[in-house]
Amino acid sequence: MIALTLPAPAQREDPGTWFQLVPDCSQILAFFEEAASIPADQATFIARYGSFDNSSDVTRLVAAIADIASAAAAFGSPASLKAALVTNPSLLTSNTPPSEIYARIVWLCSQIQTTASTVSFTLDSLALQLQPRSGDAAHRAMLLDQLFNGNAGLVKAALQTATQVSDLRNKLAAFGPRLQADQQSIAATSLANDANQQIGALQGALTRASAQLAEMHKKATGWNPLDRPKPEALAQLQDDLNSRTKLLAARKQFTHDLGDFFPLANNALTAFIDMDSRLALLQDSLTGVASELSEITRISNKDQLSDITWLSKALGLPARITFWKAVTAASQQFMQTSLTSNS
């Protein structure tokens, strides 16, 4: 009898330690939420933060924010998925993946769960399927071949799901470079530095103007009419104080809104890389199990394929079953939190 031990699937250790999409999605969604606090059109931007001397930098920053908003819309969120499910309750059970990326991730996890649970269940039931009472060795080998290579077999299911994972990875691939370019475009502007410098200058000017206004009010109520300031001068100083106070508040709002932008952008970029790595491991595991199951039926004889003891050893069934059960559980975990994990 031929001794055969097939290669282990990629990352045989518990997929629960690496197939974790919730943290990645949370980082991405947190960044999009932060970016959404900054106006994506120039008129609203100036109305909120005031005008800047470097108008070209304003145009550049607003264009980058608008592009991030467009990327966020394409990515989607738990909220947009909930809304889509109201109008299309079968969105996540359709054979066609949703257009929004977040919904597509949830849809894919449903596909992964189905395939992984089918693989683990089928492998776990081989002892029952290959009982001697199921037929002679040739018949049992034929049954195994159908389970692995038939139209509804594990090989076809695993390869189909691997293709779906690959398709999602291709969709995700454009987000990282796009968001990195937007981040770099914003970082190249001088607006944040200008705002911080103006905040310091305005605070000093307001302190002096407030003191001057208080002194003028004191003189206005003093005993010497010749020392009293003109009402127009008081009004002018008050208007100037109000204008600077408003600009200071606008600049502080700008630095506040931009405060967490870059750290969260870096987190999101890392999350896209990590998510692709997780999906790549899963894709390799799916193509790997398909290749292994196909290969074992190709190179083994009917006596081997009908012998559950030999087959269990050749496939490393206990560990393999545990692996795919863990993939099922990880997929379920993401799906269970998919409508609530927005941060």
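The values are calculated or read from the model by the stated rules, or taken from the named source; none is laboratory data. The shown structure was predicted, so the numbers you read here are calculated from the model rather than taken from an experiment. Every residue, glycine as well, gets a Cβ built from its backbone with ideal geometry; the counts of neighbours run over all protein chains shown.
General remarks:
- Failed condition for Pro97, given (1) surrounded by 13 or more Cβ atoms within 10 Å (Cβ to Cβ); (2) part of a helix (DSSP H, G or I): (2)
- Qualifying residues in region 245-266 (those that are surrounded by 18 or more Cβ atoms within 10 Å (Cβ to Cβ) and over 11 Å from Tyr49 (Cβ atoms)) - the one farthest from the chain's Cα centre (by Cα): Leu248
- Exactly one residue out of Ser166, Ser210, Ser134 is within 21 Å of the chain's Cα centre (by Cα) and more than 26 Å from Phe45 (Cβ to Cβ), and it is Ser166.
- Residue check for Leu305: over 30 Å from Leu172 (Cβ atoms) and touching a Leu at 6+ places or on another chain (Cβ under 6 Å): yes
- Residue in region 120-128 that is out of contact with any Gly (no Cβ under 6 Å at 6 or more places or on another chain), among the hydroxyl-bearing types (Ser, Thr, Tyr) and assigned to a helix (DSSP H, G or I) present: yes
- Taken together, the residues in region 229-281 that are of a type in the set (A, V, I, L, M, F, W, C) and under 30 Å from Leu108 (Cβ atoms) amount to 12.
- Some residue of region 49-61 being at pLDDT below 95 and of a type in the set (A, V, I, L, M, F, W, C): yes
- Odd one out for Thr118 among (1) at pLDDT 95 or above; (2) of a type outside the set (Phe, Trp, Tyr); (3) surrounded by 20 or more Cβ atoms within 10 Å (Cβ to Cβ): (3)
- In this structure, Thr309 does satisfy being assigned to a helix (DSSP H, G or I), surrounded by fewer than 16 Cβ atoms within 10 Å (Cβ to Cβ) and hydroxyl-bearing (Ser, Thr, Tyr).
- Selected residue (criterion: farthest from the chain's Cα centre (by Cα)) from residues of region 175-198 that are surrounded by 13 or more Cβ atoms within 10 Å (Cβ to Cβ) and aliphatic (A, V, I, L, M): Ala195
- Filter pass, Asn151 being within 30 Å of Leu282 (Cβ to Cβ) and part of a loop (DSSP other than H, G, I, E, B): yes
- Test: Val119 is over 30 Å from Ser306 (Cα atoms) and either among the polar types (S, T, N, Q) or assigned by TED's automatic domain parsing to the domain that holds Leu29 (or both): no
- Only one of Leu237, Leu305 that is out of contact with any Cys (no Cβ under 7 Å at 6 or more places or on another chain), among the aliphatic types (A, V, I, L, M) and not assigned by TED's automatic domain parsing to the domain that holds Glu33: Leu237
- Among the residues of region 102-118, at least one is under 19 Å from Ile296 (Cβ atoms), of a type in the set (Ser, Thr, Tyr), out of contact with any Gly (no Cβ under 7 Å at 6 or more places or on another chain) and in contact (Cβ under 8 Å) with a residue 12 or more places away in the chain.
- Of all the listed residues (Leu128, Leu123, Leu143, Leu147), the sole one being over 20 Å from Val22 (Cα atoms) and crowded, with 21+ Cβ neighbours inside 10 Å is Leu123.
- Checking region 64-76 against the condition returns no match, with no residue being in the same structural domain as Leu286 (by TED's automatic domain parsing) and either at pLDDT below 95 or over 20 Å from the mean Cα position of the chain (by Cα) (or both).
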